[in-house]
1. Students often get this wrong, so check it: of K50/K209; K47/K187; K47/K209; K94/K209, which have C-alpha atoms separated by over 32 Å?
2. Among P9, N170, N104, whose Cα lies farthest out toward the positive end of the dipole of the chain, if unit charges sit on the beta carbon of Lys, Arg (+1) and Asp, Glu (-1)?
3. Taking the Kirkwood radius as the inverse of the mean 1/r across Cα pairs, report the Rg/Rh of the range 24-156.
4. Counting only protein heavy atoms and using a 1.4 Å probe, what share of the accessible area of the chain belongs to carbon plus sulfur, as a whole percent?
5. Could you size up the charge dipole of the chain around its Cα centre, putting +1 on the beta carbon of Lys and Arg and -1 on that of Asp and Glu, and report it in debye to the nearest 20?
6. Could you pull out every one of the aspartates and glutamates with an alpha carbon less than 19 Å from that of K135, ignoring same-chain neighbours closer than 8 positions?
7. Please report, in whole Å, how far the alpha carbons of the range 83-211 spread along each principal axis, starting with the longest.
8. Among bridges DSSP assigns within the chain, what percent are antiparallel (round to 5)?
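The values are calculated or read from the model by the stated rules, or taken from the named source; none is laboratory data. All of these numbers come straight from a predicted model, not from anything done at the bench. Methodologically, a virtual Cβ is constructed for each residue, glycine included, from the backbone with ideal geometry; neighbour enumeration extends over all protein chains shown. These accessible areas exclude ligands, DNA and RNA; they are computed on the full protein's heavy atoms, side chains included. Shrake-Rupley method; radii C 1.70, N 1.55, O 1.52, S 1.80 Å.
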Amino acid sequence: MRLILFGPPGVGKGTQAQLLSEEFGVPHISTGDMLRDAVSSGTDLGKKAKAIIDAGQLVPDDVMIDIVREVLSSPKIKRGFILDGFPRTLEQAKALTKIFDDLNIQDYKMVNLEIDDEEIVRRLGNRLVCVNDGKIYNMEFDALTPNSPCPDCGGRLVQRDDDKEETVWNRLKVYHSLTAPVLYYYKDSGDIYHIDGSGSIDIVNREIKMMVKGSAV
Ligand code: AMP
């Protein structure tokens, strides 16, 4: 399974990536999680990235490309990977092609999850994340509140700073202007699957598996 999960913030990439990662036993590579880890450990990268993330903007391409090149070069992705949150610009997409070429990775699929902006704002306003294991919950469906314990590991559930409504609209603006055009870069590859991301977690999970079933990835 070599899969790129593409789509706007809040469409469910992280949730689906976690599920697929467990089901297929391949690592979930989330550039957002890596940046948030860097912020909480106070590294130089984290210090630089925090203000950018909080403003809903993008971390510079060269930084992100180096991070992804390093993680894709590691032996742990030998059996595959689920890439979530990268590429987010045309520059990143071109760099990813080069990285795949250099690493001799030929077969991969891309799933584009689609949903409308209003639903995203609603979903992200309800999103809770465990500070310990990064698991994602929804206040409404899971009947949980900020600061309650994670049902899985007991860690504290929090709202992400960048899930505030104003920041979400900024993230959506960035998505529509810089990230969505990346789809055109991949449209001729024939490996993109468009899936309605507004269904339940189970339905979207099943559809992704049906789409990629039987393929060599
Ligand atoms: P995510 O968890 O994927 O929604 O990412 C959270 C934030 O991290 C984004 O809003 C960006 O500020 C930053 N980020 C994550 N991935 C990238 C990327 N590929 N390029 C630039 N910035 C990124």
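1. K50/K209; K47/K187; K47/K209
2. My answer, from the dipole projection, is N104.
3. Computed over Cα atoms, the ratio is 0.98.
4. Here carbon and sulfur together make up 52 percent of the probe-accessible area.
5. Dipole magnitude for the chain comes out near 400 debye.
6. E22, E23, D33, D37, D84, D152, D161, D162, D163, D202
7. So the extents along the principal axes, rounded to whole Å, are 45, 29, 27.
8. 25
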